[in-house]
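The values are calculated or read from the model by the stated rules, or taken from the named source; none is laboratory data. The structure displayed is predicted, hence computed values, not measured ones. When we count neighbours, we look across all protein chains shown, and the Cβ atoms used for this are built from the backbone with ideal geometry, even at glycine.
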């Protein structure tokens, strides 16, 4: 019956099933879920070039939103309601009668800023343990219910800035499961035996992640990049920090920080908002504020650098990643960069992979955390130095106002103005694709609320993307990507690392305006 | 299956002739078959204005020989490298962008190769047209082939540092030792490097046929309009000889004549925690469908967190990690069904892993399976009732998005048949204790396993002698792959 590699348990351990591994053609691997402690690099040339570059002080994008919301926002606004619970917590309800799934997310802002690096993962562990039973419903009972009712109570910690306790169930089981879920939030059992299992789950997951050369590269890069910054406390923890955490730490963290002052509740499904608010008021609405002060998360200090990290088992295959600061998520430049990266991805793929066959995959990303950063990745390459040059060539093309010529013809490249509408359509479709499940929509609502203070902000996404001009794209790429102080890492076996031409990473090598 | 007449749709496209959609037991899912044998499944879901278009072929590592191991994966890559309409990969990618494609990919598995993307629903027909050129008229430019051989070789070499891949390959090599290439999707780098356009054309003419394919379309669509579009773009695709007319001989059962013991020093496990698995050859679904239903019911029954199986094995074997990570399952395959039992455990020098896996875990599991066979009350009526409820719940969960159902349907179409899938729940509900007992008697109690231990290298070193003395072979990246043996 099994169809794929499946997570058979409830936690982080993955059972390697007999199911054959499906090979995909060119998909981007998922970002690592967990991180690992700092280890000294085998070789590093930190500070290879001095950072004279500065983030723009004002947005370089000139686009403006229309005064009237677009069709998508107008169609969706009536499906969303809010209530304020007795403890002042906002409840956001999006009605979706199209399926029978009910999803709830109790989200907490704060994340890495609330914990020190030596206790990194404390919030994730606390939430994971909250999903391990309450004083009324011990874990065994919880497990029985989840099995019999095809439901899941769990936690999500996949951001530096927030985490959540989640319930996903089917309409007919809602009343029964909600009661249990609420009790887990209000009266977690914090059973020592379950704490030991959760702690081991985290350790196993971290070890597994670090056995993957790409995850290893990301973690080691972030160790360097976020040193001294709140994000140095990796949200999934490290092997060392997870070992440091005690059950008393978890209990104390719950008592001190799991409070109304950093909560929002999101529900997506065929809910009645008033009935739901009444249920919540009697339960989660009773969680008091704890007077939590969330330390501000400033920018990390950018550093142009190259780190070479040995990974013996990756023989002849390198993993290359470069991260750098980008526009704030609330800046008009952020959506501009998101659209620009969508264009850049196709140039990267065409030049690095198609023209040169230099890698299995290549991509760029904009991560919209409170301290945002962009990423450039060359995944599985036997030509890491040359690939970096081709990445710069792709960036230079975009910065010069060119994309792939998607209409065909003799010229491989075409002005952005002639292709931007197609890229917008593509990006908007990706946006739709990220909210097909109720749980995904709940994440969109929570993210909007936590980052923008307005749960409907995501409904403006299409209008924002459609307002961006070709000039905005060129300006943003030149301001944030060309000559950016990129922290690069190359992970491979020693023989491959020995072939890396460090000078190729010593700054931007593309030529803007020559295309 | 009874055919039902979709009156409104027939009126809408009367010019094309009457349209008949086969009824299906799944709400919103319609089934058609073109004259050339291409099966079409259309799922209506109007939640977002998108359409998923997926086409799947029955081939993959299942259809490999030692001389072609890895070529179905290479072929899948080459399908993105140009065709009669979009002559280069760049044109191909650009056309997808022009269509507003947000997500696209291809995938090669043991028993199917699949291609998909999601387009705005207004461009459903353009999406169907787009894939038709790739499926029917790939170019296989020799220069592009050379580039892609390098890309795929990088991918294969990357697997050598992937612990899960190394472990899976070692297990397959042991359990399917007669035809291991039929389980090895990545294949042999040397074979990939030596591939020619002619070998790819041979795969095309044998397997990339409408009568060996299924087209899945799901989302904000009208089913009968999609049927008309499919006829337009795939109707003239010429059928060929049935590639499955003379099936290859099945993998032997038992998979091994006597128990095989493997230990894999695995850096993906932390010190102090190990993983034990016991894997058997199971029924192949097309040859023996009946025990597969019993196997799946059994799989649900033993998942019960506080059930007799988990409790007894956990209590019976010292040092196991957690009941949640102890279990068993049947993996449905056309050519390589498997039954597996697994657990995580703590490393303890006083309780050597070699004997815990070889004796204690194996004996504890076998004792419980024997009880399941002999004791009619091992699973209660209530437990069978819960399984039936879970089957219905799974259908509700699968219907949340078109992707979920299409992926599920594509898998079952490839591995078994659509009728197997459509009749799955009724057949599962008919499973009785005697069916479960018969499955377990044949595929566990009378069978021979491969027993494997994954353990951190430091822990392995401490117990290396015990493993060696107990007859365990050590798995490494050099021994895990059949094509590295030099014997094939």
| Out of region A:147-159, which residues are more than 8 Å from chain B (Cβ to nearest Cβ), surrounded by 20 or more Cβ atoms within 10 Å (Cβ to Cβ) and not in a strand (DSSP E or B)? | A:151, A:157, A:159
| field | For residue A:306: the one exception among (1) in contact (Cβ under 8 Å) with a residue 60 or more places away in the chain; (2) surrounded by fewer than 24 Cβ atoms within 10 Å (Cβ to Cβ); (3) away from chain B (no Cβ under 14 Å); (4) part of a strand (DSSP E or B) | value | (2)
| request: Those residues that are more than 9 Å from chain B (Cβ to nearest Cβ) and part of a loop (DSSP other than H, G, I, E, B), I need them from region A:400-423; list them, please. | output: A:400, A:401, A:409, A:410, A:411
| message | Quick check on region B:195-202. Is at least one of its residues in contact (Cβ under 8 Å) with a residue 40 or more places away in the chain and either under 30 Å from residue B:32 (Cα atoms) or in the same structural domain as residue B:479 (by TED's automatic domain parsing) (or both)? | response | yes
| Odd one out for residue A:341 among (1) within 14 Å of another protein chain (Cβ to nearest Cβ); (2) out of contact with any strand residue (DSSP E or B) (no Cβ under 6 Å at 6 or more places or on another chain) | (2)
| task | Considering (1) surrounded by fewer than 21 Cβ atoms within 10 Å (Cβ to Cβ); (2) under 30 Å from residue A:116 (Cβ atoms); (3) facing chain B (nearest Cβ under 9 Å), say which one residue A:200 fails and leave the rest. | result | (1)
| note | Scanning region B:420-479 residue by residue, those touching a strand residue (DSSP E or B) at 6+ places or on another chain (Cβ under 9 Å), surrounded by 15 or more Cβ atoms within 10 Å (Cβ to Cβ) and without any contact (Cβ under 8 Å) to a residue 60 or more places away in the chain turn out to be B:464
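Quick grid of which residues meet (1) in a strand (DSSP E or B); (2) more than 19 Å from the chain's Cα centre (by Cα); (3) surrounded by 24 or more Cβ atoms within 10 Å (Cβ to Cβ):
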position: A:323; (1), (2), (3): yes, no, yes
position: A:328; (1), (2), (3): no, no, no
position: A:337; (1), (2), (3): no, no, yes
position: A:340; (1), (2), (3): no, no, yes
position: A:344; (1), (2), (3): no, yes, yes
position: A:349; (1), (2), (3): no, yes, no
position: A:353; (1), (2), (3): no, yes, yes
position: A:365; (1), (2), (3): yes, no, no
| remark: A careful count of residues in region B:155-213 that are away from chain A (no Cβ under 12 Å), in contact with a helix residue (DSSP H, G or I) (Cβ under 6 Å, 6 or more places away or on another chain) and in a loop (DSSP other than H, G, I, E, B) gives 2
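Residue-wise test of (1) part of a loop (DSSP other than H, G, I, E, B); (2) assigned by TED's automatic domain parsing to the domain that holds residue B:199; (3) touching a residue at least 24 places away in the same chain (Cβ under 8 Å).
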site	(1), (2), (3)
B:53	no, yes, yes
B:69	yes, yes, yes
B:73	no, yes, yes
B:87	yes, yes, yes
B:91	no, yes, no
B:104	no, yes, no
B:107	no, yes, yes
| field | Subset of region A:203-238 (residues that are out of contact with any strand residue (DSSP E or B) (no Cβ under 8 Å at 6 or more places or on another chain) and over 26 Å from residue A:303 (Cα atoms)) | value | A:205, A:206, A:207, A:208, A:211
| note | Reported set for region A:448-473 where residues are part of a helix (DSSP H, G or I), out of contact with any helix residue (DSSP H, G or I) (no Cβ under 7 Å at 6 or more places or on another chain) and more than 19 Å from residue A:78 (Cα to Cα) is A:450, A:451, A:452, A:467, A:471
| query | Within region A:143-150, is there a residue that is in contact (Cβ under 8 Å) with a residue 40 or more places away in the chain and closer than 25 Å to residue A:309 by Cα? | reply | no
| Hits in region B:26-53 - residues which are within 14 Å of chain A (Cβ to nearest Cβ), closer than 20 Å to residue B:129 by Cβ and either over 23 Å from the mean Cα position of the chain (by Cα) or surrounded by fewer than 23 Cβ atoms within 10 Å (Cβ to Cβ) (or both) | B:49, B:50, B:51
| message | Let me confirm something: among B:106, B:60, which residue is at the interface with another protein chain (Cβ under 10 Å from one of its Cβ atoms) and modelled with pLDDT of 95 or more? | response | B:60
| said: Could you go through region A:368-384 and let me know if any residue there is in contact with a helix residue (DSSP H, G or I) (Cβ under 9 Å, 6 or more places away or on another chain), more than 9 Å from chain B (Cβ to nearest Cβ) and assigned to a helix (DSSP H, G or I). | reply: yes
| said: Anything in region A:52-106 that is out of contact with any strand residue (DSSP E or B) (no Cβ under 7 Å at 6 or more places or on another chain), under 30 Å from residue B:393 (Cβ atoms) and touching a residue at least 60 places away in the same chain (Cβ under 8 Å)? List them, or say none. | reply: A:76, A:95, A:97, A:99
